[in-house]
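Comments concern the structure below.
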Amino acid sequence: MLTRLSPAVCCRLLLSPFLLVLLFVAAAFSAAAAEEAEQKLAAWKAMYQDKIHPIIESRCLECHRGEEAEGEFDLAPFVDGDSAAAQMDLWDRVAKRIRLNEMPPEGSPQLTDPQKSDFYRWIDSRPEQDLCNQLATDETQAWYRGHVMSRRLTRTEYTNAIRDLLSLELPAGVELPSDGGGGEGFDTTGDALFTSAIHVESYLAAADRLIEQAALDIATPSESLSEREAASQTLRQFARRAWRRPPQDAEIERLLVLFETERAAGANFVAAVRQPLKAILVSPHFLFVVESEPEEGGVQRLTPHQLAMRLSLFIWSSIPDEALLAAANSEEIYTPEGLRKQVRRMLADPRARALGENFGLQWLGLSNLATTATPDSELYPEFSSQLASDMREEAVRLVAGVFREDRPLLELIDADYVHANGTLAKHYQLDVPADAPWQRVALESRRRGGVITLGAVLTASSYPRRTSPVLRGRWILEEVLGSRVPPPPPGVPALEEAHEEGKKLSLRERLEVHRANPECASCHNRMDPLGFGLENFDAIGRWRTEDDGFPIDAAGKLPSGEAFSGPEELKQVLLRRQDEFQRHFIRKLLGFALGRGLNKFDDCVITDSLEALEANEMRAAVLIETIAASYPFQHRYFKAAAADPSAAAR
Amino acid sequence: MNERHLLSQPLSRRKFLRGAGVALALPALQSVAPRQARAEAAAATSGAPVRAAFIYFPNGVWEKAWVPEKTGRDYELTPSLEPLGELRSDVLVLSGLDKKNSHGGDGHYAKTANFLTGMPVAKTTGKDISSGGISVDQLMAQHVSGLTPLPSLELGTEPVISGIDSNVGYTRLYGSHISWQSPTRPVAKEINPRLVYQRLFGRGTHSSSAQAESYQNLLDFVLEDARQLRPRLGRDDQFKMDEYLDSVRAVEKRIEYATRQEPREWEPTLDPAELASRQPGIPRDFREHIEIMMDLIVLSFQTDSTRVCSLMFANDVSGRNFSFVDGVRGGHHELSHHENKEEKIDQYQRINRWHVEQFARLLNKLKSIQEGESTLLDNSMILFGSSMSDGNRHDPDNLPILLGGRGGGTIETGRHLAAEGQVPLCNLYVSMLDRMGVEVEAFGDSTGPLAGV
């Protein structure tokens, strides 16, 4: 209810005796929240006592007890709910081992399914903790612990790497499965990337056909160059690019065994060399981001080649080129100037389009536009897969352009141009010839320009047969401002959009009824007004002035009291909230770059980035530089891998 | 290592692998020409095996038009089940089944990822993803692995949903996977029918063994790479390398299988011309996509290329436009939130009914294929269902579940079996595992086999 007070009202309150009342209300409000948290914690502790402690006792303590506990992991002190709650972080580790079925170890009595159920439910019902009180523990220092960093290449990265390595597209008939997302919402998150048999089948088929097709630089044996030497030269050169580092002699020797085996079986020289070339493309050294561990554990800086790989995945979604590898070889990439030089060079390269196509589309939730946008062909016969693909291209160009041309970041909110080709320009009623190629089109008004009015966004956030101010508003809150919008709580009575007999209601009138319900209003008051600001765009992103016979009313009023009408004023509202946008955007970019969920230690990178942005007239390229130079981007937590008997047994 | 393959493989693998004159295709699972003599030998010694398919559709159903009032043999076909028609005698209608580990968590993701595991889904946006357990189809696949060219098929129609849902704290990939090889490993699904067909039947009949050996050598090489690399990686990274190792081994097994000499337990013959004629085209729309995917299930079962299959009609929360169904105007998820309004319920129910029509079409095709005295349908168990009941309420109890086929004559179909009082869906899985020859004491949250099946 506090959120409904407009600033104006607040100001008046400040000057009046009502101030005391307001403070009292606020105090009561936070007291209620604290009480709820208290109750959650109590229930969690009770469940520990009731259900979990007996499991710990019967399944864990035999080994994990006292000073001699296995793995120096003593669970004996956790005799009740209070002691369990005192070390919340520890249970993450316990849960992880149990979920991975690593604990109890094979041969020991296992948790039964009902015990696992109880345990998982207990872990997931854990109340949020006050992290600031625990800043200095060992556990929180090791922020990489528990994240997969040596992940496989995503489908996009694999495809790009093949393109850059061989100048070839993936062969027809080879299709990698799609990847999901994790962490901050990106497919670069190692924890959320999995490898199935159909991946390996595709890698194998692709390597096989690509190496046959590619115009490869294969050394020719001669009097002064033996076959073996020629093969070795060829393999060394190719492996260096494909594996992003100089290959070791032993690796070349093993590759040569493949060559010789083929040759002995009767293959000619070129055919025999192709065999190890294929193996290079199916090897984990190509398919995975290999960040192997140094002897000493703890937090270490990445090697220059590992850093080069992270950098090229970040900016190009692909593998390093010769120049970047050279900068790694010379360790120039380790110096601030050397790194900056590489970043600027890479941003200028056409491959940096990936910042729009990969990072941008994932941030905007548009990666699967072809399946998520399904306008009804009866109502929108103009919508076609070609138009969808043009809309996608518009989004790619907008995001990539801001970085590549070092433009002000806030053009993502409000720009005086759109990227369009003739088809899209016609759709947007812009004055451009129908067959015009892609170009930046200057706008007369600010109705369009920026991400919220992208055709792809307006279409993806609509239902097949109508717009949805709710979905559009939620989209702006989540993807532009980084707010959270909880789903409707369970048990909310069905929304009654009933209307007086015989009277046809507009969409807005129907949603007003919706917002009259206090349980719904708390969130819909945040979402719906933003969405209404875009009502002048129909479900496929065309400008309109009426809907279903009703004139469009694009006015909105936020809980803060801010009122606006139409997209131009809506963008002004968002520009006033640019701090939220900038912070959210940087968070997304950093999450994409690091390939993991962020934690409080990463906040310092966000703060640095915000300052760098400020110091550079809000131009975007400095964000890439700041992230690339940041501590978490250049370092990772290593833990020397313990001898693993299960691996040897394989 | 390399010599093993050069010297000890009497049969050349290559003929299964290489299309005439084309660059290498995916390894074919079986040669297209029927191995007549071996098939006859096999048929003489064993009957047709039991097959199982698990077909998921999103967004639940309108229960009042789905669940029959009467139980037992005399149940009435409700409006949504009407498309079953004569097939009612081949189907077991199940109601009252529950998934207790889906009562908490999110409305969708915590219900879909564990549709076939029955265990709690870990609440996470990425770190430590877990569906709580192995899925029932994958457990079956483990047990029949080695009897067929492919242990299982995982099919779908849509790419994995990208991104996370930060509001509810789940990664959206949970809504795209029902098959889990282990609690922490979802199995990628194939959505392109042509690739499924190629995977099953390869490209041509003239392949060379030397090429197969090359493949094998190559895979041995990369396995060795991964083995050497693994101990140099961090603990969490090692698990990812294990996925790679396991996947490479699975492909090796496939190639080995294709070169096997000994007769298969069950090897039905199929006219090569017919097989070729059933090569799928590119689906023009969703309806065709579903139809083709189901035909591929029929074909893979008919040829005993696999005995276990999962299919997701769509990912969870799918907003697919269903206006192609008579009387429907709108998207699936949107209409499933019917808000108890009649006009929306009617459309929601029509979408449910359309799904049952597809199921019936699949059953009819399976039924049209004779296997000795019985039909392919008689020897199958086709589970068809959703991970919630009413899409408006998102309840994981009274799940809409149909089971087609008699599981090799061990299931008494033609009835409506109403479970009393929160019986776990996993009890049905225990019963199905039993029919598949997999003995388990318990599965997921099961309390025993499902009474009355």
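Values quoted throughout were computed directly from the atomic coordinates according to the rules given, and no laboratory measurement underlies them. This is a predicted model, so every value here is computed, not measured. In this analysis, Cβ positions are derived from the backbone assuming ideal geometry, glycine residues included, and neighbour counts consider all displayed protein chains.
Per-structure values
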| read-out | value |
| --- | --- |
| Whole-Å semi-axes of the protein assembly as shown's equivalent ellipsoid (Cα gyration tensor) | 44, 39, 32 |
| Efficiency of FRET from Cβ geometry, residue A:233 and residue B:227, R₀ 30 Å, rounded to 0.05 | 0.65 |
| Percentage of interatomic Cα-Cα distances in the stretch B:303-453 larger than 22 Å | 50 percent |
| Global form of the stretch B:157-304, assessed from the alpha-carbon gyration tensor, a/c cut-off 1.5 | oblate |
| Residue A:288 long-range amide H proximity, modeled H, under 5 Å | A:153 |
| Gyration tensor verdict on the stretch A:35-129 (Cα atoms; rounded if a/c is under 1.5, prolate if a/b is larger than b/c, oblate otherwise) | prolate |
| MRE, 222 nm, helices only [DSSP H, n ≥ 4, -39500 (n - 2.57), over chain B, to nearest 500] | -10500 deg cm²/dmol |
| The stretch A:35-129, relative contact order [Cα under 8 Å, separation at least 6], % | 37 percent |
| Relative contact order (percent, whole number), the stretch A:155-287, Cα cutoff 8 Å, 6+ residue spacing | 21 percent |
| Antiparallel %, DSSP beta bridges [both residues in the protein assembly as shown], to 5 | 60 percent |
| Translational diffusion of chain B, µm² s⁻¹ [Kirkwood Rh, Cα pairs; Stokes-Einstein; 10 °C; 1.306 mPa s] | 69 µm²/s |
| Average silhouette area of chain A, convex hull of alpha-carbon atoms, in square nanometres | 37.9 nm² |
| Pairwise FRET efficiency - residue A:522 versus residue A:112, Cβ, R0 = 35 Å, nearest 0.05 | 0.25 |
| Helical mean residue ellipticity (222 nm; -39500 (n - 2.57) per DSSP H run of 4+; nearest 500) of chain A | -14500 deg cm²/dmol |
| Computed E for residue A:46/residue A:334 - FRET, C-beta separation, R0 51 angstrom, nearest 0.05 | 0.45 |
| Distance in nm between pseudo-label sites at residue A:217 and residue B:325 (7 Å out along the Cβ direction from Cα) | 5.9 nm |
| Sequence of A:45, B:123, B:64 once ranked by neighbouring C-beta atoms within 10 Å, starting from the fewest | B:64, A:45, B:123 |
| Footprinting exposure proxy for A:243, A:316 (fewest neighbouring C-beta atoms within 10 Å first) | A:243, A:316 |
| Calculated P(r) of the stretch B:213-274 - Cα pairs past 20 Å, % | 47 percent |
| Cross-link table A:40/B:123; B:70/B:99; A:116/B:240; A:116/A:588; A:588/B:240, entries beyond 27 Å C-alpha to C-alpha | A:116/A:588 |
| 17 Å cut-off, amide nitrogen to a point 7 angstrom out along residue B:86 Cα→Cβ, residues in the stretch B:406-424 | B:414 |
| Three-way shape call for the stretch A:263-402 based on the alpha-carbon gyration tensor, with the a/c threshold at 1.5 | oblate |
| Rg(Cα) / (2.2 N^0.38 Å) computed for the stretch B:282-371, rounded to two decimals | 1.26 |
| Neighbour-count order for A:405, B:158, fewest beta carbons within 10 angstrom listed first | A:405, B:158 |
| Where labels lie 7 Å past Cα in the beta-carbon direction, separation of residue A:557 and residue A:445 in nm | 2.4 nm |
| For the stretch A:155-287, radius of gyration divided by Kirkwood radius, i.e. Rg to Rh on alpha-carbons | 1.02 |
| Amide H partners (placed H, <5 Å) of residue A:555, local residues excluded | A:566 |
| Radius, Kirkwood style, for the stretch A:321-436 when every pair of distinct Cα atoms is counted (Å) | 16.5 Å |
| Part-to-part distance (alpha-carbon centres) for the stretch A:170-227 and the stretch B:150-174, which is given in Å | 23 Å |
| Inter-probe distance in nm under a simple model that places probes 7 Å from Cα toward Cβ, at residue A:344 and residue A:37 | 4.7 nm |
| Convex hull volume per residue in cubic angstrom - Cα atoms of the stretch B:383-453 | 92 Å³ |
